[in-house]
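Taking it in order: structure first as structure tokens, then the write-up.
Taken together, the values in this text are just the output of simple stated rules run on the coordinates, not laboratory data. These figures come from a predicted structure and were not determined experimentally. Every residue, glycine as well, gets a Cβ built from its backbone with ideal geometry; the counts of neighbours run over all protein chains shown.
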DNA sequence: CTCAAAATCCTCCATTTGGGGGATACCCCG
DNA sequence: CGGGGTATCCCCCAAATGGAGGATTTTGAG
């Protein structure tokens, strides 16, 4: 029996979903709340297996909600259920510890399947969300740097000095310096810190 | 009709999969290769919709394979199909542009479903893989820094000098320096570059 | 072959950084 | 009340950094 809790402000949606879930064999949904504030304390003592969380909520947003919930109940699996599909909503939710993200148009059958999946160690996502998440890892634009420059940037990010980079690559520190000047120009930065930041952000290394 | 290509070195698996896929209505699988090298040129002219890619391959690995394939055919969707589940295999594949990642134990039905899903803009992943990917975004440990230190770290990442950080926060550069020394100790680093890297990696800012 | 890009090396010099100290003040908790 | 953590300020000094130049060789594509 999977104990599901539900946080959703629209009373119609909330009650309908609760009925569907609670009415399905193997599932139970006796705890549902219209906002995060009123859910935190009861859920702390109830200890649900899975929490379905809306994002647009009165008061605390669902994103803050995940954060709070995961702090009180680190072992609970939170599944976002939202109409929002923008980058901020998705990635912030995941950053706060959500273990899945479904758009609200998900049919009940798939919702139930997702709940089961998350319970079994998965991380269900709607198709477009999954694509968005994976594309985070794939930098579409290519690096403007030459292979040598990329190599030097990589070592630069390690915090090594020009000399030690030079030793690692069997070239002089002066040469390293020249390359780094070119790198800075190409990346439009003028310090190591900015270069590191850009390198990590744009996944140039 | 979805045109599927297959790169897999085990002849049994390769031929079985090809037969299953090609024998399913709506799917076609006429191109299958035992390694990346022999696949690149033919696939360039064939232009498949989806490529199933193994990782353990003779010669070029499947990970390098994705990279090469996506460079030649940016619009093709590559679905990894591997027994490997380690972080490196998963994240490197995604970084190179894979649009999905299935473990080899995936039953044929689900494999076919995944192919269809990727074709419709999704990004299918096996349960454990999806969980691994999402957990990438959730830094389990919280920041060991004080609010003030976090603020300074943020500005440090911008590449500002101690003095300019001081000006921004209405404190002296000396104080900024003291905070930064504490930050370095807490993060176990000893240069700005490493601090920036750690800050971004652990999402401390 | 030719020309451009990439990779290698160098100098001068002001500024920044980071390691080692030390000091005061505040606030909260036990 | 005392102690620990935080925040603020200061010193000295060696090392690293970055901006400005200039130079040569190697490589690669047309």
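Computed values, structure above
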| item | result |
| --- | --- |
| Cβ-vector label at 7 Å, residue B:15, separations to other copies in nm | 6.3 |
| Mean ellipticity per residue at 222 nm, deg cm²/dmol - from DSSP H runs of n ≥ 4 across the protein assembly as shown, formula -39500 (n - 2.57) | -16000 deg cm²/dmol |
| Per-residue Cβ neighbour rank within 10 angstrom, fewest leading, A:129, A:152 | A:129, A:152 |
| Value of relative contact order over region A:72-142, rounded to a whole percent, pairs C-alpha under 8 Å and six or more apart | 31 percent |
| Cα convex hull volume per residue for the protein assembly as shown (Å³) | 162 Å³ |
| Within a Gaussian network of chain B (alpha carbon springs, distance under 10 Å), most fluctuating of B:114, B:168, B:130 | B:168 |
| At 7 Å out from Cα toward Cβ: residue A:110 inter-copy label distances (nm, ascending) | 1.7 |
| Residue B:186-residue A:148 pseudo-label distance in nm [points 7 Å out on the Cα-to-Cβ vector] | 4.2 nm |
| Residue B:135-residue B:64 FRET efficiency (beta carbon distance; Förster radius 30 Å; 0.05 resolution) | 0.70 |
| Degrees separating the helix A:62-72 axis from the principal Cα axis of chain A, which is the longest one | 90 degrees |
| Test item: B:120-133 mean partner chain Cβ contacts at 10 Å | 6 |
| Fluctuation leader among A:11, A:144, A:48 - chain A, Gaussian network, Cα springs under 10 angstrom | A:144 |
| Helix axis angle, A:173-187 relative to chain A longest principal axis, alpha carbon, degrees | 50 degrees |
| DSSP bridge orientation in chain B - percent antiparallel, rounded to nearest 5 | 0 percent |
| Highest-fluctuation residue, A:143, A:126, A:89 considered, GNM on chain A with Cα pairs under 10 Å | A:143 |
| Exam field: residue B:83 pseudo-label spacings to other copies (7 Å along Cα-Cβ), nanometres | 4.9 |
| Estimated FRET transfer efficiency when R0 is 25 angstrom, pair residue B:178-residue A:71 (beta carbons, to 0.05) | 0.25 |
| Anisotropy class of region B:1-119 from Cα gyration tensor, a/c 1.5 cut | rounded |
| Angle between chain B longest axis and helix B:87-96 axis [Cα atoms, degrees, rounded to 10] | 80 degrees |
| Shape category assigned to region A:85-165 from the gyration tensor of Cα positions, a/c cut at 1.5 | prolate |
| Reciprocal of mean inverse Cα separation for chain B (Kirkwood radius, Å) | 19.7 Å |
